[in-house]
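In what follows, a structure is listed as C-alpha cells, so that the remarks can point back to it.
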Amino acid sequence: MFDRIGCADPEIGEYVKAMEGQISNQFRIVPGFGPNCINSSKSTRINYFEFSNITMMDESNGYDSIAEIYIRGRGRAVNGIGSSTARAWARTFNMGSVILDLGSGTGIPVTKILLEAGLKAYAVDASPKMVADFRQNFPNIPVSCESVERSLFFNRGFDGIISVGLMFLLPEVTQRVLIPKMAATLNPGGKLLFTAPLDKVEWKDAMTEQPSRSLGAEQYRQLILASGLYIGEEFDDEGGNHYFSGIRVSSTNSA
C-alpha cells in the first residue's frame, strides 16, 4: 500500500534526497494533474511522490516524546507568549472565516483564540499525544494527526493559515515546499502567518534537543512572493518571536 506525500513539487528528486534516512523500502513517482502550487486557481502537470511500507522517523520532530512535559506547561498556557499576537491577527478576519492551525499542539492557545474570535478552526499536528489532548480540549474541532508534509489540509481552502513554532523545526527542503503548499491552500484574500527567526541560524531545540533552523528573512520573503502572495506586516511578540505574513491577492484586486 502506498502513502501519497504532500505537495506536487516538480523537483521531486531533491525532496526524496532530503528524506534519505527517514524512509525505507520503495518509493514511486506518479505523474498527475492537479493544483498549481503557485496559483491554485490553475491546474498543471505535476509529480506526486508515494512511498510503500514507510518506516518514518518521528514526524513530530521530537515533540511526541516530550508531550507530557509540553502539555503541563505551554500546552495549558491560555495567555502564553504570542497569545496577544494571535488575538490581534484573529480580529482581522470576518466572523465565520475558516482558519487552519498548523502545528496546533494541544490547541492552546491558538485554536482556542480562533474560536473565541468567532472563527471556524481546523488543526494539524504530527504528535499523537498532542492530538489526543487537543481532542479532549476541543472535541468538535476537526484535527488531523499527520505531518505537514503528508497532510492534504482537509482537501479544502482556508481564509487563513497560522503556524506558530513549527516552521523552523522542519528540514530546509520541507520549509521550501511547505510555504507554497500553504499559499496554494489559501482562498482569495486569505492570510498566512508563521513564526521563524529573522536571521539565518541553526540551533538545538531546548525541549527536544533536535536541530532547528531558520532560513532567514530574505529567504522567507522570497518564498512568500514566489508562492503568489504579497508580503504582509511583520512583527515580534513579547517573547521576541518574529512573525512573517503573506496575503493572497483577492479576485477583486486581481481583476
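Could you tell me whether any residue of the range 242-254 is among the basic types (Lys, Arg), out of contact with any strand residue (DSSP E or B) (no Cβ under 6 Å at 6 or more places or on another chain) and modelled with pLDDT of 95 or more?
So far as the range 242-254 goes, no, none of its residues is among the basic types (Lys, Arg), out of contact with any strand residue (DSSP E or B) (no Cβ under 6 Å at 6 or more places or on another chain) and modelled with pLDDT of 95 or more.
In the range 203-232, which residue that is modelled with pLDDT of 95 or more and part of a loop (DSSP other than H, G, I, E, B) is farthest from residue 168 (Cα to Cα)?
Looking at the filtered set, the residue picked out is 228.
Quick grid of which residues meet (1) within 22 Å of residue 168 (Cβ to Cβ); (2) free of Cβ contacts under 8 Å to residues at least 24 places away in the same chain; (3) over 11 Å from the mean Cα position of the chain (by Cα); (4) surrounded by fewer than 24 Cβ atoms within 10 Å (Cβ to Cβ):
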residue: 98; (1), (2), (3), (4): no, no, yes, yes
residue: 109; (1), (2), (3), (4): yes, no, yes, no
residue: 119; (1), (2), (3), (4): no, no, yes, yes
residue: 126; (1), (2), (3), (4): yes, no, no, no
residue: 129; (1), (2), (3), (4): yes, no, yes, yes
residue: 136; (1), (2), (3), (4): no, yes, yes, yes
residue: 139; (1), (2), (3), (4): no, yes, yes, yes
residue: 151; (1), (2), (3), (4): yes, no, no, yes
residue: 157; (1), (2), (3), (4): no, no, yes, yes
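Could you list, in sequence order, all residues of the range 141-179 that are in a helix (DSSP H, G or I) and in contact with a strand residue (DSSP E or B) (Cβ under 9 Å, 6 or more places away or on another chain)?
Result: 153, 154, 167, 168, 169, 172, 175, 176, 178, 179.
The values are calculated or read from the model by the stated rules, or taken from the named source; none is laboratory data. Since the model is a prediction, treat every value here as computed from it, not as a measurement. Cβ sites come from the backbone with ideal geometry, for glycine too, and all protein chains shown count toward neighbours.
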